[in-house]
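Contents: one structure, followed by commentary.
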Amino acid sequence: MLPGFGATAELMTGIVRHLSGFRVLVFDLPGHGRSVRAAADGRLPALAATLHDAINEAINDAGVGAYHLAGCSLGGAIALRLALDHPDEVRALVGIVPWNAAGTTAEDEVMAGFDAVYGDAEALAQGVAAISVDPSRTSRLAGSMLTVTERMWHGWLAGGALTSQADELPGLRVPTCYILGGKDVVVDQAKQLDDIRRIPGGRAVLLSDLGHLCGLERPDIVADEITAFLDSVPAAGA
């Protein structure tokens with residue numbers, strides 16, 4: 001599992017608690033949490049390459065082969081890059097309110113707003129509350145955002161977020177499901193649905209009352225949807 005931008009592995013534990021029947025590994029993104037020393041320039045290929053090495057090291061130590069991959073927001077975009085680059089290693093892909101493959105523009109007010117307030121605790125708290133459905137459940141995200149390295153912060157918000165992977169989607173060979181929030185004010189839902197239309201056999205679940213921070217606000221519902229999709233994916237060799 002890959003957290004979203006500004007989040008940490010610890011913030012994913014709510015979802016993990018509601019997953020049963022799986023062995024779950026949660027990774028901090030480069031430049032985040034306990035991985036602040038990992039090289040992180042905010043560009044998807046480099047982020048995915050770093051995580052690919054870390055995942056392989058972990059699963060090789062555990063004697064595991066192919067794995068399911070789930071990512072929130074930016075973590076979803078990185079997970080997509082990994083599935084595109086290493087389709088024989090990723091058994092299934094789940095995007096949790098994933099960043100859309102086509103990226104955004106420099107005029108994106110949400111992204112530009114967060115880019116401008118790097119290191120400003122008060123402004124970050126206000127920004128997190130503004131993109132929340134239930135701010136009482138998301139306030140700790142602002143604190144974890146303060147630990148993100150400056151290079152990673154600006155590199156993603158003013159750089160990586162503007163890049164596109166959309167043209168590669170028709171070649172994706174991994175079973176894919178997007179979990180979308182009807183109250184998501186960060187990612188353009190129309191673009192997310194366009195991603196799914198481009199992915200062969202792609203599936204989308206739209207949950208009307210969930211927002212972009214649904215992993216913190218309703219981890220139980222997110223976990224139920226992850227489980228339902230992964231249970232539908234044929235076992236390796238089937």
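The values are calculated or read from the model by the stated rules, or taken from the named source; none is laboratory data. Just so it is clear, the structure is predicted and the values come from calculations on it, not from any experiment. Here the Cβ is made from the backbone with ideal geometry for all residues, glycine too, and neighbour counts use every protein chain on show. For the accessible areas, the whole protein counts, side chains as well, though only heavy atoms, and no ligand, DNA or RNA atoms are used. Shrake-Rupley method; radii C 1.70, N 1.55, O 1.52, S 1.80 Å.
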Original post:
When the Cα centres of segment 16-68 and segment 70-104 are compared, how far apart do they sit, in Å?
Top reply: 12 Å
Original post:
In square angstrom, what is the accessible area per residue of the chain with a 1.4 angstrom probe?
Top reply: 44 Å²
**OP:** Take each complete run of DSSP H in the chain, measure how far its Cα atoms stretch along the helix's own axis, and keep only those covering 15 Å or more with mean Kyte-Doolittle hydropathy at least 0.5; list them.
**Re:** 74-85
Original post:
Given a cut-off of under 8 Å on Cα pairs at least six residues apart, what relative contact order in percent is computed for segment 114-238?
Top reply: 25 percent
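Sort 128-136, 163-171 by the packing proxy (mean of other Cβ within 10 Å over each peptide's residues), most packed first.
With the highest mean Cβ count within 10 Å placed first, the list reads 128-136, 163-171.
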**OP:** Calculate the length of the line joining the C-alpha centroid of segment 108-132 to that of segment 135-197, in whole Å.
**Re:** 15 Å
Original post:
Going by the alpha-carbon gyration tensor, a ≥ b ≥ c the square roots of its eigenvalues, is segment 124-232 rounded (a/c under 1.5) or, if a/c is not under 1.5, prolate (a/b greater than b/c) versus oblate?
Top reply: oblate
Original post:
Mean separation of Cα pairs under 8 Å and 6+ residues apart, divided by the residue count of the chain: what relative contact order is that in percent?
Top reply: 24 percent
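Peptides 87-96, 190-199: what's the order by average Cβ count within 10 Å, highest mean first?
The most tightly packed comes first, giving 87-96, 190-199.
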Subject >> Prolate/oblate/rounded call for the chain, Cα gyration tensor, a/c under 1.5 rounded >> reply: rounded
Original post:
With the contact rule set at Cα under 8 Å and sequence spacing of 6 or more, what percent relative contact order holds for segment 176-235?
Top reply: 41 percent
Subject >> Accessible area (Å², 1.4 Å probe, nearest 10) - Phe114 >> reply: 30 Å²
